[in-house]
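I have placed the structure first, in the form of structure tokens, so that the comments after it can refer back to it.
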Amino acid sequence: MPLLSFAQPQQAAHTTAELALPRRTTNTDLMEKTRLIGMNLAELQDVAYRGGMPKFVGKQLAEWIYAKGATDFDEMVNISKKNKQWLAANFEIGRERPVKASKSADGTVKYLFAAGAGRAVESVYIPDHDRATLCVSSQVGCKMNCYFCATGKMGFKANLPASAIINQILSIPPRPEKGETPMNPLTNVVFMGMGEPLDNFSAVERVIEILTAPWGLAWSPKRITVSTVGKLPQLKELLDRTQVHVAVSVHTADTPQRESMMPAQKAFPISSVMKCLSGYDFSHQRRLSLEYIMWRGVNDDIAHADMLIKLIGSTDCRVNLIRFHAIPGVDLVPASEERMLMFRNYLNQKGITATIRASRGEDIDAACGMLSARQ
């Protein structure tokens, strides 16, 4: 993509070679149809042009695919039959329903999506009264290899294209079957599923563009959060080119300890990450959160709280304290409720807003750090 601003998204020019889009011809030589989902407005307008259609048809395609959630060209009633036939012969919308769903006792739903070549990714739908948040995956597996994360134990398999990322958002919750009670529509998206979003930055940025652009879903960027271990320089690009919320996985402010648990600390020291963040204003609508999983006897004492306070300095942020959920092969134990409350209260007394995140979906392996797509 890139974008300079999501307040006024710019349309990048794309050449024929970059898109390799078919002209108005038969599809006899096309082995696999090109997906329209994941394209931006300029690309959809190019599709219309190559089909001999007026430029405005590209905007109509964007509206049907993103705002109206069309899954078939026949739904596009304001596009002529002739044009729909050409589109169907040469392209596919590319929407795919989840292949499996597991529902938690607390209402959380974990969805499994096929990701090609026998691979799969998981997304988590979290309803909360009149809100619904989706944890979106951006990669199959993850390169970061954090000791306490099930996705990291998978290793890295592949980056998801923008089409596969936006498909999760457009396909959840699924359209209700006859007689089913509709689920709450999504109000928020967090890139906090499988993978390190900033390790697949171009695809994630394109999805943010689709979510926030007036020709896309027209969301406020404040409905979107990107979670990261602090991958620089992509973090700075995200901060400069979008207005989405940012969540940084800290988990311990003890440098040697963090390096032993989070290999990314070597390449992207948390002190450098915080220095980068300190140059941005998070005192108004945009929010910075620091994620802090708590383990018994590891990072749950006052000494670690003081290290975290020193790391934060004057940076305006919120600390999310997270209960650890055990995964196979990891000899860490959750901090006690008493310790978590003590840690939270101590931070609050020192002027830092800290909360304990409600745990959701543990009974279906959908809680923080548990996504592994074992299916």
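The values are calculated or read from the model by the stated rules, or taken from the named source; none is laboratory data. It should be emphasised that the depicted structure is a prediction, and the values quoted were computed from it without experimental measurement. Glycine also receives a Cβ, built like all others from the backbone with ideal geometry; neighbour counts cover every protein chain displayed. Just the protein is used for accessible areas: all its heavy atoms, side chains included, with ligands, DNA and RNA removed. Shrake-Rupley method; radii C 1.70, N 1.55, O 1.52, S 1.80 Å.
Things worth noting here:
- Heavy-atom accessible area, probed at 1.4 angstrom with all protein chains present, ranks 280, 125 as 280, 125, highest first.
- Helix 337-349 vs. the chain, principal-axis angle (Cα, 0 to 90°, nearest 10): 90
- Basic side chains Lys and Arg get +1 at the Cβ, acidic Asp and Glu get -1 at the Cβ, and with that the dipole of the stretch 107-165 about its Cα centre reaches some 300 debye.
- Among 87, 198, 41, residue whose mean-square fluctuation peaks in a GNM of the chain (springs only between Cα atoms under 10 Å): 87
- When the chain is reduced to its Cα atoms, the Kirkwood hydrodynamic radius in Å: 21.9
- Only protein heavy atoms count here; under a 1.4 Å probe, residue 143 has an accessible surface of about 110 Å².
- In Å², nearest 10: area of residue 64 left accessible to a 1.4 Å probe: 30
- When each of 110/350; 103/310; 33/153; 33/59 is checked by Cα-Cα distance, pairs over 32 Å: 110/350; 103/310; 33/153
- GNM result for the chain, Cα springs below 10 Å: residue of 231, 310, 82 fluctuating most strongly: 82
- Among 202, 38, 336 the positive-end extreme of the charge dipole of the chain (Cβ point charges): 38
- In the chain, the longest principal axis of the Cα atoms and the axis of helix 201-212 are about 70 degrees apart.
- When all protein chains stay in place and ligands, DNA and RNA are ignored, the 1.4 Å accessible-area order of 220, 314, largest first, is 314, 220.
- The stretch 82-174 - Rg over Rh from alpha carbon coordinates, Kirkwood radius: 1.06
- Bridge type composition, the stretch 254-375 - antiparallel percent by DSSP, nearest 5: 10
- Ranking of 124, 333 by solvent-accessible surface, largest first: 333, 124 (1.4 Å probe, protein heavy atoms only, all chains present).
- Average projected area [Cα convex hull, the stretch 233-375], square nanometres: 9.6
- For residue 325, solvent-accessible area (1.4 Å; no DNA, RNA or ligand), Å²: 10
- Test item: Cα-centred dipole of the stretch 108-247, Lys/Arg +1 and Asp/Glu -1 on Cβ, debye: 200
- Protein accessible area in the chain, 1.4 Å probe - carbon and sulfur %: 51
- Calculated on C-alpha atoms, the gyration radius of the stretch 167-217 divided by its Kirkwood radius gives an Rg/Rh of 1.05.
- The stretch 91-147-the stretch 225-303 distance, computed between alpha-carbon centres (Å): 24
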